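Read the structure below first, then the notes.
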Amino acid sequence: MTKQELVGFFQTKMNLIQLSYASLILWSYEDTPAFFEELHGALDTEVKVFPDAVSLVRDTASMRIASEELYQSSYRSAVKELFPLTKLYCHQTGQLKDLKSQPWFQFWRILRNCWSHDMVFNLNPDEKSQLPLTWSGVTLNETINGKPLTHGVCSYQKLYELLQTVQKYVQRELA
């Protein structure tokens, strides 16, 4: 993998988060479902891969849940997938020691493991030995062990800030 490919992976994931956020906003407007139904109705039959999409869009509760899940899944994929890709690139280029020395590395590692394993903090002995960890005003300590990741523990805003921090590190610091 090249640095440019890694930078591209980061940009794609950040774009996905922003797109899913834009979707949350668009679907919160009352007239969006009617607008969608009109556009969907104008499509050729061959293009309508999901003909039942209109019924989903009409169901306010289902759309709210689906939109929120889309937003959450964009973060899940970014946190889960970018961590091993960054680690692999640093391993391949002899920069792993520097990556592991970053103040956010262990914080990201623990969050990545939580997102990868049922959204519950199941701290292994190595992770426990790193605690407490504080990054950007968010502290992870042993009290999180066995508990689910909630917005109160680490907000989407903080996750986005973390991803931006790592993205800048990849762009500016890695060879």
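Here are a few things to note about the model shown:
- Annotation: of all residues in segment 2-38 being of a type in the set (D, E, K, R) and exposed (fewer than 12 other Cβ atoms within 10 Å of the Cβ), the one that is nearest to T86 (Cα to Cα) is E5.
- Of all residues making up segment 127-155, the number that are touching a helix residue (DSSP H, G or I) at 6+ places or on another chain (Cβ under 9 Å), within 17 Å of R76 (Cα to Cα) and exposed (fewer than 12 other Cβ atoms within 10 Å of the Cβ): 1
- Against the numbered list (1) closer than 24 Å to K3 by Cα; (2) of a type in the set (V, I, T); (3) in a loop (DSSP other than H, G, I, E, B), V166 comes up short only at (3).
- Residues of segment 114-126 that turn out to be over 24 Å from Q11 (Cα atoms) and either buried (at least 17 other Cβ atoms within 10 Å of the Cβ) or charged (D, E, K, R) (or both), as a count: 4
- Segments classed as helices (runs of 4 or more DSSP H), wholly inside segment 13-103, with at least 2 members that are closer than 30 Å to L174 by Cα and modelled with pLDDT of 95 or more: 60-92, 96-100
- Flag if L111 is touching a residue at least 12 places away in the same chain (Cβ under 8 Å), within 14 Å of K13 (Cα to Cα), assigned to a helix (DSSP H, G or I) and in contact with a Phe, Trp or Tyr (Cβ under 9 Å, 6 or more places away or on another chain): no
The values are calculated or read from the model by the stated rules, or taken from the named source; none is laboratory data. Since we're looking at a predicted model, the values are computed, not measured. Cβ atoms come from the backbone with ideal geometry, glycine included; neighbour counts cover every protein chain shown.
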